[in-house]
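Have a look at the structure below before the remarks.
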Amino acid sequence: MAATESTTPAAPPPAPPSRPWYKQLYFWVLAAIVAGVLTGWLRPSVGVALEPVGTTFVSAIKMLITPIVFLTIVAGIGGVDSLRRVGRVGLKSLLYFQAGTLAALAVGLIAVNVFRPGAGVHAHPGDLQLSGDAAQYVKDGENQSWWHFLTDIVPSSAVGAFAEGNILQVIFFAVLFGIALKAVGPVGAPLVDGVNRLSTVVFKILHYVMLAAPVGAFGAMAYTIGKYGISTLTSLGRLIGLFYGTSLFFVVVVLGGVLALLRINIFRLLGHLREEFLIVLGTSSSESVLPRVMSKLEGLGVRRDIVGLTVPTGYSFNLDGSSIYLSLAAVYIAQATDTPLSIGQQLGLLAVMILTSKGSGGITGAGFIALAATLSTVGTVPAAGIMLVFGIDKFMSECRALTNLAGNSVATLVVARWERVLDTARVNRVLHTGVPEPELPEAELPEAGRRWQNDAQNARVEANG
């Protein structure tokens with residue numbers, strides 16, 4: 001009698017031997033952050049001189065971001081069975097982003113009204129003189145219309161979008177390219193396979209670059225402390241403390257509540273991404289870990305097209321940390337300059353910030369440009385007041401980036417659940433063991449794609465350290 005082929009799904013890959021703690025990437029990044037703080041504090045001139053070390057590492061990561069975003073989106077769209085599903089995922093992502101942004105703005109608005117960190121400052125708007133980078137940010141903000149994120153999404157050149165590192169424009173081009181590949185049918189199949197193989201190579205390059213993460217974190221942190229000094233943290237400590245506390249509340253309570261509805265523990269997810277959070281803390285850039293976060297979310301079993309559409313788009317449209325910062329900073333400036341704001345005027349600020357907070361991810365000074373654009377549009381709060389918070393912006397940027405990272409990770413899981421393709425048991429299993437699992441059971445993989453699936457999985461495991 002002929003043997004019947006087993007259809008039992010393959011067991012998840014066995015856990016690799018655990019490495020000693022002193023060989024883990026997160027340990028070296030944490031040690032580098034501490035060393036950077038000490039260097040910048042004890043030897044400020046040395047810390048300032050180390051600026052190129054941090055910026056070079058971030059540049060090396062940004063070099064890979066646009067190719068990875070493009071390849072992931074194209075491969076994700078090329079692998080779906082229906083273009084309608086792509087549109088559905090995109091629409092659901094944008095709807096969730098709007099809800100998340102509104103929640104973050106509201107939490108920040110409530111916190112700044114309850115604790116009133118700007119009360120008693122009594123800064124006179126006429127005495128605030130804009131200078132240096134702050135003046136340029138205000139000028140850029142005044143020239144920025146509320147609808148700029150819609151018009152700027154279309155690149156004037158496909159190559160230019162990659163060269164400038166404009167993620168939003170790369171997403172637009174990648175979606176069009178992926179849809180076209182899907183529409184031409186069998187003709188585009190070899191290209192889809194080539195994209196899959198090329199992404200494996202790019203993730204291997206990422207693995208090599210991430211070996212320098214501790215060096216980059218050391219240089220970036222030494223420069224920050226050496227340039228601005230620890231004393232800057234105490235001069236506006238109330239505002240800094242309120243921002244960090246509000247962001248922590250938003251992540252643990254708001255995002256944690258959302259994940260609790262999915263039966264996922266927020267602390268397990270944060271622990272799973274601990275290396276990424278430490279790298280963001282050291283570099284002040286959530287972009288520095290975008291490829292790794294996408295890889296880890298795929299390792300949780302989230303479908304590749306959902307990861308490819310939700311995470312990169314969220315870097316422009318789902319900036320929870322930046323939204324909290326906007327509402328806090330705008331009302332703080334009003335309080336510090338004794339500018340009265342009624343409830344209606346604050347709600348008007350919130351409505352404008354929903355628009356000005358979009359599409360600026362990855363732009364230098366994006367937080368200040370969005371803040372200046374908000375104040376210039378509303379006109380009730382003096383835009384020159386941003387000088388009151390300019391000195392501590394570098395210390396605020398770490399918290400913005402950390403909260404943005406947490407928000408986009410949660411958003412991806414929510415969209416996957418909304419699509420009814422999230423295997424909660426598998427997510428919790430990976431969060432517990434730390435071992436990523438294949439996107440599909442091995443028995444369900446077609447023979448032609450099985451080899452690539454294994455190679456890609458191995459490359460992503462290596463990229464995750």
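The values are calculated or read from the model by the stated rules, or taken from the named source; none is laboratory data. Predicted model only: the values in this text are computed from it and were never measured. Virtual Cβ from ideal backbone geometry, glycine too; neighbours counted across all protein chains shown. We work out accessible area using only protein heavy atoms, side chains counted, and drop any ligands, DNA or RNA first. Shrake-Rupley method; radii C 1.70, N 1.55, O 1.52, S 1.80 Å.
Determine, yes or no, whether residue 335 is at pLDDT below 85, open to solvent by 10 Å² or more (accessible area, probe 1.4 Å) and either assigned to a helix (DSSP H, G or I) or among the polar types (S, T, N, Q) (or both). Spelling it out, it is not the case that residue 335 is at pLDDT below 85, open to solvent by 10 Å² or more (accessible area, probe 1.4 Å) and either assigned to a helix (DSSP H, G or I) or among the polar types (S, T, N, Q) (or both). In the set (1) modelled with pLDDT under 75; (2) of a type in the set (Val, Ile, Thr); (3) under 26 Å from the mean Cα position of the chain (by Cα); (4) not in a helix (DSSP H, G or I), the condition left unmet by residue 121 is number (3).
One line per residue, one yes/no per condition, for (1) under 14 Å from the mean Cα position of the chain (by Cα); (2) open to solvent by 10 Å² or more (accessible area, probe 1.4 Å):
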position	(1), (2)
220	no, yes
258	no, yes
261	no, yes
269	no, no
280	yes, no
284	yes, yes
300	no, no
307	yes, no
318	yes, no
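Restricting attention to the range 45-68, and to residues there that are open to solvent by less than 60 Å² (accessible area, probe 1.4 Å) and of a type outside the set (Val, Ile, Thr), which single residue is nearest to residue 162 (Cα to Cα)? Within the range 45-68, the match that is nearest to residue 162 (Cα to Cα) is 67.
Among the candidates 411, 416, 425, 373, single out the residue that is under 23 Å from residue 291 (Cα atoms) and either open to solvent by 30 Å² or more (accessible area, probe 1.4 Å) or touching a Gly at 6+ places or on another chain (Cβ under 6 Å) (or both).
Numbers: 416 fails: either open to solvent by 30 Å² or more (accessible area, probe 1.4 Å) or touching a Gly at 6+ places or on another chain (Cβ under 6 Å) (or both); 425 fails: under 23 Å from residue 291 (Cα atoms); 373 fails: under 23 Å from residue 291 (Cα atoms).
Matching residue, one of 411, 416, 425, 373: 411.
Looking at the structure I just gave you, is residue 92 open to solvent by 40 Å² or more (accessible area, probe 1.4 Å) and basic (Lys, Arg)? Let's see the steps before the verdict.
Values: open to solvent by 40 Å² or more (accessible area, probe 1.4 Å): no; basic (Lys, Arg): yes.
Judged against the criteria, residue 92 is not a match.
Within the range 50-81, track down each residue that is among the charged types (D, E, K, R) and either modelled with pLDDT of 80 or more or in contact with a Phe, Trp or Tyr (Cβ under 8 Å, 6 or more places away or on another chain) (or both). Passing the criteria: only 51. Can you spot a residue in the range 322-329 that is in contact with a helix residue (DSSP H, G or I) (Cβ under 7 Å, 6 or more places away or on another chain), open to solvent by 20 Å² or more (accessible area, probe 1.4 Å) and modelled with pLDDT of 85 or more? Yes.
Please work out which one of (1) within 30 Å of residue 183 (Cβ to Cβ); (2) at pLDDT 80 or above; (3) surrounded by 16 or more Cβ atoms within 10 Å (Cβ to Cβ) is the condition residue 84 fails and give its number. Single failed check for residue 84: (3). Condition (residue is more than 26 Å from residue 86 (Cβ to Cβ) and free of Cβ contacts under 8 Å to residues at least 60 places away in the same chain) applied to the range 317-327: is it met by at least one residue? No, the range 317-327 contains no residue that is more than 26 Å from residue 86 (Cβ to Cβ) and free of Cβ contacts under 8 Å to residues at least 60 places away in the same chain. Is it the case, given these coordinates, that residue 224 is at pLDDT below 80, β-branched (Val, Ile, Thr), under 24 Å from the mean Cα position of the chain (by Cα) and buried (at least 16 other Cβ atoms within 10 Å of the Cβ)? In short, yes.
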